[in-house]
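The values are calculated or read from the model by the stated rules, or taken from the named source; none is laboratory data. No experiment lies behind these values; they were computed from the predicted model shown. Here Cβ is always computed from backbone atoms with ideal geometry, including for glycine, and neighbour counts include all displayed protein chains.
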Amino acid sequence: MSEHPILETRSLGKRYGSRWAVRDLNLLVYPGDVFGFLGPNGAGKSTTIRMALSLIRPTTGEVRLFGRSLRSDRSAALRSVGGIVERPDFYGYLSAVKNLEIVGALYGGVPARRIWEVLELVGLKERGNDRVKAYSHGMKQRLGIAQALLSDPELIVLDEPTSGLDPQGMKEIRELITHLAREKKKTIILSSHLLNEIEMVATRMAIINKGELKVQGAVQDLLKSGEYRVLITGEPLAKLKSVLRRHRRLVKAVEPAETGMMVTMDREHVPAIAAALVRANVRLSGIIPRRSLEEYFLSITENATES
């Protein structure tokens, strides 16, 4: 990729006593990414984000934002970054507008026009003058994103933005993230343990486990690589099963499925299996990849609980 990364971590590490929460982490986030940052609970996601936002200091390595080092050029590096870490907090007795005015004062003042723009962007314009204590959890999450957008940053970092939300709230946040990326041309880092949410919105992703990077790349490319499951449907079914049994060298596992056979194999072997079925006069009606992000994630982190 020819573009320079917006965010880059170089051998980033954070140690608490003798325990490494993050170790030798090298991430690359490019302009326009919706970057899914995945890992089991305790994998080091929030620690990494806190280091990326200069909320805690790394033990080793460095973070670079827009080509600038956080260590030597912190203010300039963070100038075009907005984010929320875990649950956003507000003054419940004040309105959304007043809360955003307080945050805006930290930037040296934000025009009222901009406050209403971000409230409209997150779908809260009609409730802007209501006290935040009357807001639902989902509305507070959206207000947190509005807060992150106040300075019109190029990079938005969201740590578990759908945590605790009901399905409707998750849908609203997902649609907002997609809108920010596609229409507003924002680069977004999205930390989450909700795999289906990442699969629906992310363009690139990284998976960490026990503080170490396991894989990084384009979501679709990663899901296509290596071993995955394929639903093969066709008639006659008995002949389909027979051909699969004869090709055990290529096929790792075969399970009956409601409409055919679920086959586990390396992606590169799918054309050979399809050709063998056609030669055997099996009338194929479908060869459908069934690999999901959940399956891929588990294949990467299945040893997460081992010491």
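Checked against (1) touching a residue at least 24 places away in the same chain (Cβ under 8 Å); (2) of a type in the set (A, V, I, L, M); (3) under 18 Å from I145 (Cα atoms), A105 passes all but condition (1). You will find that of R229, R249, the residue that is surrounded by 13 or more Cβ atoms within 10 Å (Cβ to Cβ) and either part of a loop (DSSP other than H, G, I, E, B) or among the basic types (K, R) (or both) is R229 and no other. Selection of first residues in the range 274-288 that are over 22 Å from E258 (Cβ atoms) and modelled with pLDDT of 90 or more and of second residues that are β-branched (V, I, T) and in a helix (DSSP H, G or I), restricted to Cβ pairs under 9 Å at least 6 apart or on distinct chains, gives the following pairs, ordered by first then second residue: A276/V243; R279/V243; A280/V243. Select from the range 252-269 the residues that are part of a helix (DSSP H, G or I) and among the acidic types (D, E) and list them in ascending order. Across the range 252-269, the qualifying residue is only E268.
Residue-by-condition table, conditions (1) closer than 24 Å to V219 by Cα; (2) small (G, A, S); (3) free of Cβ contacts under 8 Å to residues at least 60 places away in the same chain:
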| position | (1), (2), (3) |
| --- | --- |
| P5 | yes, no, yes |
| R15 | no, no, yes |
| D24 | yes, no, no |
| G36 | yes, yes, no |
| T47 | yes, no, no |
| R64 | yes, no, yes |
| I84 | yes, no, no |
| R87 | no, no, no |
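Only one of the numbered conditions (1) touching a residue at least 12 places away in the same chain (Cβ under 8 Å); (2) in a loop (DSSP other than H, G, I, E, B); (3) of a type outside the set (A, V, I, L, M) is violated by K214, and that is (2).
For K140, state whether it is modelled with pLDDT of 90 or more and not in a helix (DSSP H, G or I). Considered against the rule, which asks whether it is modelled with pLDDT of 90 or more and not in a helix (DSSP H, G or I), K140 comes out as no. Scanning the range 256-273 for residues being within 25 Å of M205 (Cβ to Cβ) and either at pLDDT 90 or above or outside the structural domain of K241 (by TED's automatic domain parsing) (or both) gives a total of 0.
Only one entry in A148, A181 is part of a helix (DSSP H, G or I), at pLDDT 90 or above, of a type in the set (A, V, I, L, M, F, W, C) and within 16 Å of I49 (Cα to Cα), namely A148.
Within the set A206, A280, the sole residue that is surrounded by fewer than 17 Cβ atoms within 10 Å (Cβ to Cβ) and among the hydrophobic types (A, V, I, L, M, F, W, C) turns out to be A280. Checked across the range 179-195, the condition of being crowded, with 16+ Cβ neighbours inside 10 Å, among the aliphatic types (A, V, I, L, M), in the same structural domain as I156 (by TED's automatic domain parsing) and over 12 Å from the mean Cα position of the chain (by Cα) holds for at least one residue.
Within the range 108-139, the only residue that satisfies the criterion of being under 25 Å from S80 (Cα atoms), touching a residue at least 24 places away in the same chain (Cβ under 8 Å) and of a type in the set (D, E, K, R) is R114.
Among the residues of the range 106-124, count how many are at negative phi and either in a loop (DSSP other than H, G, I, E, B) or exposed (fewer than 15 other Cβ atoms within 10 Å of the Cβ) (or both). The total comes to 9.
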